[in-house]
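Taking it in order: structure first as structure tokens, then the write-up.
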Number of protein chains: 2
Amino acid sequence: MPVTRVDLSQNEFPEAWFNIVPELKGFAPPNATEEEMALLKKVFIPESLKQEFSLEPWIPIPGNLRDLFVQIGRPYPLYRAHGLEKELGLPSGIELWYKAEFRSPPGSHKLNTALAQLFFAKENGIDRSVAAQGGRITTETGAGQWGSSVAFAAKILGFQEVIVYWVRNIYNWKPARKAFMELYGATVIPSPSPHTQAGRDVLAKNPDHPGDLGIAVSEGLEDADSHEGSFYVLGSVLNHVLMHQTIIGLETLKQFESVGKLPDVMVSCLGGGSNFGGFVLPFVPRRLDGGNMRFVAVQSKSAPNLQGEFRYDRADHAGKTPELMMYTLGHETEFAPIKAGGLIYHAAAPVISHLRHMGIIETLTPPLDEVAVFEAGRLFSQAEAQAPPAPESAYSVWGAIQEALDAKQKGENRIIAFNVSGHGLMDMDAYAEVLRK
Amino acid sequence: MPVTRVDLSQNEFPEAWFNIVPELKGFAPPNATEEEMALLKKVFIPESLKQEFSLEPWIPIPGNLRDLFVQIGRPYPLYRAHGLEKELGLPSGIELWYKAEFRSPPGSHKLNTALAQLFFAKENGIDRSVAAQGGRITTETGAGQWGSSVAFAAKILGFQEVIVYWVRNIYNWKPARKAFMELYGATVIPSPSPHTQAGRDVLAKNPDHPGDLGIAVSEGLEDADSHEGSFYVLGSVLNHVLMHQTIIGLETLKQFESVGKLPDVMVSCLGGGSNFGGFVLPFVPRRLDGGNMRFVAVQSKSAPNLQGEFRYDRADHAGKTPELMMYTLGHETEFAPIKAGGLIYHAAAPVISHLRHMGIIETLTPPLDEVAVFEAGRLFSQAEAQAPPAPESAYSVWGAIQEALDAKQKGENRIIAFNVSGHGLMDMDAYAEVLRK
């Protein structure tokens, strides 16, 4: 088997994040009351909030933060998937390439924005009482990848306290991830919890409520609001989060250019939209300028939010957040639990939703039982000699395979790029359970 | 925090393995009966056996195998441990550097020799009946890192069947590693087992026997012997295994040379000796030539084999293997189970034992409860922004810290290099359990 691994040197790591908002004509701002904006200003990291509303196309990445990205191994390689191509029997005109985002120490791309947000929290925290003494961070997590990344980044940057509200039905079957977060000093609380009014309201109606990311967001926000000096951080959906993730796509673009190619189609999984956005946004201007590059979001059958309505909706269950213009299934909807818990969220990021509304983003959904998805993940790992992908990332692999088989059936040439956003080394029980079916 | 990550390009990956045996005056050969040699010739991969007795100083690495090492991400970086140095308050003359061997997809350095052995098994297998149809591999594993690497390598290279005999007391608490091996199609059997005479003999005396690596070796060997066309592979102790691991030290040497430095002392954990040997052997000729570089093996209090007797002993419990000249605690000894199961073996590799006998290798052992070891592992991960080290690799970190503190106390300058041979992402429960003490 030939090997094509496109490396970048340390000094080729991007110097600035790409902000697509200025290029999106008619991009709808949040619909926020004064009270809602006051809450955001109280609990959000000032620099994050500034970036959220920025219209600058490029936001410089501070040098000390760039060093941290080199420390965690970036830039990550781009691989040609020769092994997978061979397994699928693809003709030479159909190429598969993947970004090795699974190289991240805590296991996923979520670390990219966790490091950025907490880096600024530390810089901005100097004027805040508790933060000045070490800092307190609250957040929520679904699959546990975001909670792991926040716990990891917070410890590395020297924060004192991290509180993670974790969707209960996922918390229950991921003891290794819980141990991981606790190893870095985080306090992990299954959500809905009795610690917040938002949690108590849900529990009053259903004491066995399995939890939901929207509820966990409400709890994290309320916790930060009620503890002076706390910062609340979010791992997806918002503009600044997707912008932090553009280092994935910016590296990928340089890597493709270095081999004199560009993808015809880019594929990745989409829950809230952060890995998908980070991967594709740096390529989107080519499409806006009249190119014909395609972008395919792979979603779960349980929560295919890009197939919902395009309207203003809340980002959380309790309705504490401003309304955002999004494709949504409704912020109070309950979803069937799946193993790829990171793909369960009621709405897609405003930036992604806007592009979807423009007809630029397509969607694909595999069957609800996830057997085909986990089989794709196993095939990828075995054919490519890489760690097994996270359940969410296995959706990316599944989607890329559909694109390749479609091109083969149609007799077309196609260069397909996909992002493997995380590894599944802490999800081995999910592989065992699903593939035993 | 400054960042120093020394990368090598893909084409700087070593072109040959380093064989130290020709440089070891008076190195004792195995003490083998004709029957024992016949068994080895029957079940060992012919090329491995040839390498085992080779007196060539350099053995070329085939090009297709070098490609596989690039595919799994090699060469791996060498890092200056700036964060750990800061945590320990080291003066500027004391430097800590570590090799990121934990980048391996299945989690440890064991993949280096698994890929090499199975690559040759495939090449050599063409003349063997079952092997020609896809191949059957038997082996044993202690901590599960070797079993994971064999399962992974075998699937990637297209073998049909892998049987792993796994020390029972470790098998019982590592369901994630079991799922990992099974994901790659391996059959995993707790040892001692009723499948072999060696296993039945042990079970007859004690039906609840917790297992031991020497017993598992006997079972793997007997299984291969009784199934036509099977190859048996071993993950440590033997000359060719340590030689395959020298890619670790060869990369490290190039990396140090590229920054114009050399370590004063090299530290790594030692069970059978494969990661330790692979790391230090390429540096040993400098010591043999009159230099004063030091080599420190960190061992468990449960099985400190380098503190045993230097004599001929068996490599397995049932006595099927030839006798090897080793530091040994006796091949029928039972050891107290610890979390770093990979450090439990009754004897050290002949090459390592020879160097120990020459006075070239020192040893260190932390307390049996392993709390200090896991704390060192956690400190490393938090200070260096890397995945938590495997329990075994945490011994390396612990040992490197002792060296740094010793130099600090003595007011000496010292450049300390240590190998972090694997990650602990599938050992999070061990971290939780030990650090709760």
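The values are calculated or read from the model by the stated rules, or taken from the named source; none is laboratory data. Being a predicted model, the structure only gives us computed values, none of them experimental. Don't worry about glycine lacking a Cβ; one is built from the backbone with ideal geometry, like all the others, and counts go over all protein chains shown. These accessible areas exclude ligands, DNA and RNA; they are computed on the full protein's heavy atoms, side chains included. Shrake-Rupley method; radii C 1.70, N 1.55, O 1.52, S 1.80 Å.
The set of residues in the stretch A:165-196 that are closer than 15 Å to residue A:148 by Cβ and hydroxyl-bearing (Ser, Thr, Tyr) comprises A:165, A:171, A:184, A:187.
Within the stretch A:204-212, is there a residue that is without any contact (Cβ under 8 Å) to a residue 40 or more places away in the chain and open to solvent by less than 10 Å² (accessible area, probe 1.4 Å)?
Restricting attention to the stretch A:204-212, the residues satisfying the condition of being without any contact (Cβ under 8 Å) to a residue 40 or more places away in the chain are A:204-208.
Then drop every residue that is not open to solvent by less than 10 Å² (accessible area, probe 1.4 Å), which leaves none.
Scanning the stretch A:204-212 turns up no residue that is without any contact (Cβ under 8 Å) to a residue 40 or more places away in the chain and open to solvent by less than 10 Å² (accessible area, probe 1.4 Å).
Set side by side, the residues B:368, B:405, B:355, B:425 differ, and just one is in a helix (DSSP H, G or I) and either open to solvent by 10 Å² or more (accessible area, probe 1.4 Å) or within 14 Å of chain A (Cβ to nearest Cβ) (or both), which is B:405. Looking at A:176, A:186, A:224, which one is in contact with a helix residue (DSSP H, G or I) (Cβ under 8 Å, 6 or more places away or on another chain), free of Cβ contacts under 8 Å to residues at least 40 places away in the same chain and not aromatic (Phe, Trp, Tyr)? Checking each option against the conditions leaves just A:186.
From the residues in the stretch A:85-100 that are within 12 Å of another protein chain (Cβ to nearest Cβ) and open to solvent by 10 Å² or more (accessible area, probe 1.4 Å), which one is farthest from residue A:8 (Cα to Cα)? Before you say what the answer is, go through the steps one by one.
If we filter the stretch A:85-100 for residues that are within 12 Å of another protein chain (Cβ to nearest Cβ), which is where we start, we get A:86-87, A:100.
Checking which are open to solvent by 10 Å² or more (accessible area, probe 1.4 Å) leaves us with A:86-87.
On the way: A:86: 26, A:87: 28 Å.
The selected residue is A:87.
For the stretch A:158-194, the set of residues classified as surrounded by fewer than 21 Cβ atoms within 10 Å (Cβ to Cβ), within 14 Å of chain B (Cβ to nearest Cβ) and in a loop (DSSP other than H, G, I, E, B) consists of A:158, A:160, A:173, A:185, listed by residue number.
Is it the case that some residue within the stretch A:388-399 is in contact (Cβ under 8 Å) with a residue 12 or more places away in the chain, under 22 Å from the mean Cα position of the chain (by Cα), within 14 Å of chain B (Cβ to nearest Cβ) and open to solvent by 10 Å² or more (accessible area, probe 1.4 Å)? The answer is no; no qualifying residue exists. Restricting attention to the stretch B:380-393, the residues being more than 25 Å from residue B:294 (Cβ to Cβ) and assigned to a helix (DSSP H, G or I) number 2. All conditions but one from (1) assigned to a loop (DSSP other than H, G, I, E, B); (2) open to solvent by less than 10 Å² (accessible area, probe 1.4 Å) apply to residue A:377; the one that does not is (1). Within the stretch A:141-149, one or more residues are closer than 23 Å to residue A:16 by Cα and open to solvent by 10 Å² or more (accessible area, probe 1.4 Å). Filtered by the rule that a residue be open to solvent by 20 Å² or more (accessible area, probe 1.4 Å) and either of a type in the set (S, T, N, Q) or without any contact (Cβ under 8 Å) to a residue 12 or more places away in the chain (or both), the stretch B:240-259 gives B:257, B:258.
Tell me yes or no: at least one residue of the stretch B:6-17 is touching a strand residue (DSSP E or B) at 6+ places or on another chain (Cβ under 7 Å), of a type in the set (Ser, Thr, Tyr) and within 14 Å of chain A (Cβ to nearest Cβ). Can you show your working first?
As a first pass, look at the stretch B:6-17 and keep what is touching a strand residue (DSSP E or B) at 6+ places or on another chain (Cβ under 7 Å): B:6, B:10, B:15-17.
Within this subset, residues satisfying the condition of being of a type in the set (Ser, Thr, Tyr) are none.
No, because not a single residue in the stretch B:6-17 is touching a strand residue (DSSP E or B) at 6+ places or on another chain (Cβ under 7 Å), of a type in the set (Ser, Thr, Tyr) and within 14 Å of chain A (Cβ to nearest Cβ).
With the stretch A:1-84 as the region, which helices (runs of 4 or more DSSP H) entirely inside it contain at least 1 residues that are open to solvent by less than 40 Å² (accessible area, probe 1.4 Å) and β-branched (Val, Ile, Thr)? Before you say what the answer is, go through the steps one by one.
Numbers: elements: A:34-43, A:46-52, A:63-71.
Of the helices (runs of 4 or more DSSP H) lying wholly inside the stretch A:1-84, those with at least 1 residues that are open to solvent by less than 40 Å² (accessible area, probe 1.4 Å) and β-branched (Val, Ile, Thr) span A:34-43, A:63-71.
Here is a check on your reading of the model: is residue B:221 of a type in the set (A, V, I, L, M), more than 24 Å from residue B:59 (Cα to Cα), touching a Phe, Trp or Tyr at 6+ places or on another chain (Cβ under 9 Å) and assigned to a helix (DSSP H, G or I)?
On the way: of a type in the set (A, V, I, L, M): yes; more than 24 Å from residue B:59 (Cα to Cα): yes; touching a Phe, Trp or Tyr at 6+ places or on another chain (Cβ under 9 Å): yes; assigned to a helix (DSSP H, G or I): yes.
Here the answer is yes, as residue B:221 does meet what is asked.
Using the structure shown, decide if residue B:112 is away from chain A (no Cβ under 12 Å) and either in a strand (DSSP E or B) or open to solvent by 10 Å² or more (accessible area, probe 1.4 Å) (or both).
no
When each of B:336, B:347, B:318 is tested for being in contact with a helix residue (DSSP H, G or I) (Cβ under 7 Å, 6 or more places away or on another chain) and open to solvent by 40 Å² or more (accessible area, probe 1.4 Å), the lone residue that passes is B:318.
Out of the residues in the stretch B:408-422 meeting the condition of being away from chain A (no Cβ under 14 Å) and buried (at least 24 other Cβ atoms within 10 Å of the Cβ), tell me which one is farthest from residue B:256 (Cα to Cα). Write out each step before concluding.
Just the residues of the stretch B:408-422 that are away from chain A (no Cβ under 14 Å), to begin with: B:408-419, B:421.
Among the residues that remain, those that are also buried (at least 24 other Cβ atoms within 10 Å of the Cβ) are: B:416-419, B:421.
Details: B:416: 11, B:417: 10, B:418: 12, B:419: 13, B:421: 18 Å.
Applying the filter and picking the extreme gives B:421.
Count of the stretch A:290-315 residues, restricted to those that are without any contact (Cβ under 8 Å) to a residue 40 or more places away in the chain, under 17 Å from residue A:273 (Cβ atoms) and surrounded by fewer than 17 Cβ atoms within 10 Å (Cβ to Cβ), is 2. Considered as a group, the residues in the stretch B:211-250 that are of a type in the set (D, E, K, R) and in contact with an Asp or Glu (Cβ under 8 Å, 6 or more places away or on another chain) include one that is modelled with the highest pLDDT, and that residue is B:219.
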